[in-house]
Amino acid sequence: MEGRTIYYHVAEDNGDVDDENVQGYSLVFNGNDVEQLTRKFSEETGLDEVIVCSRSPLNGKLYPLRLHLPPNNVTMQVVLVLPNSK
């Protein structure tokens with residue numbers, strides 16, 4: 001299998017994630033471009049205009065991915081947030 005495995009959760013409208021200890025959904029993504037990944041998530045989930053975020057290990061807050069994904073196709077965990085979430 002080529003590409004990286006990305007595990008993801010979809011946040012509620014208030015930004016909370018139900019049981020983040022559960023693995024959630026996954027997909028395999030080829031590439032390092034956040035914009036391409038965002039389009040892939042929109043296709044997979046049927047959600048328009050999702051914001052792909054990662055959770056900081058320091059404070060637990062969600063931060064949008066802005067530039068490129070980490071190199072070497074490392075496995076990632078992300079949270080999809082809708083633009084109108086609080």
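What net charge do the residues around residue 48 carry, taking every other residue with its C-beta under 14 Å from that of residue 48, with Lys and Arg at +1 and Asp and Glu at -1?
Working: positive: 39, 40; negative: 43, 44, 49.
Around residue 48, the charge tally is -1.
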Report, to the nearest 10°, how far helix 34-45 tilts away from the longest principal axis of the Cα atoms in the chain, using its own Cα long axis and a range of 0 to 90°. 70 degrees
Per the chain, sqrt(5λ) over the Cα gyration tensor eigenvalues, sorted largest first, in Å, gives 19, 15, 13
DSSP beta bridges in the chain [antiparallel fraction, %, rounded to 5]: 70 percent
From the phi angles alone, apply the Karplus equation (6.51, -1.76, 1.60; θ = phi - 60°) to region 63-70 and give each ³J(HN,Hα) in whole Hz, x where the residue is Gly or Pro. 10, x, 6, 10, 9, 9, 6, x
Compute the length gained on full extension between residue 85 and residue 68: take 0.36 nm times their separation in residues and subtract their Cα-Cα distance, giving the result in nm to one decimal. 3.8 nm
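Each value in this text was obtained by applying a stated rule to the coordinates, not by laboratory testing. This one's a predicted model, so the numbers in the text were calculated from it and none came from an experiment. Cβ coordinates were reconstructed from backbone atoms using ideal geometry, including for glycine residues, and neighbour counts include every protein chain displayed.
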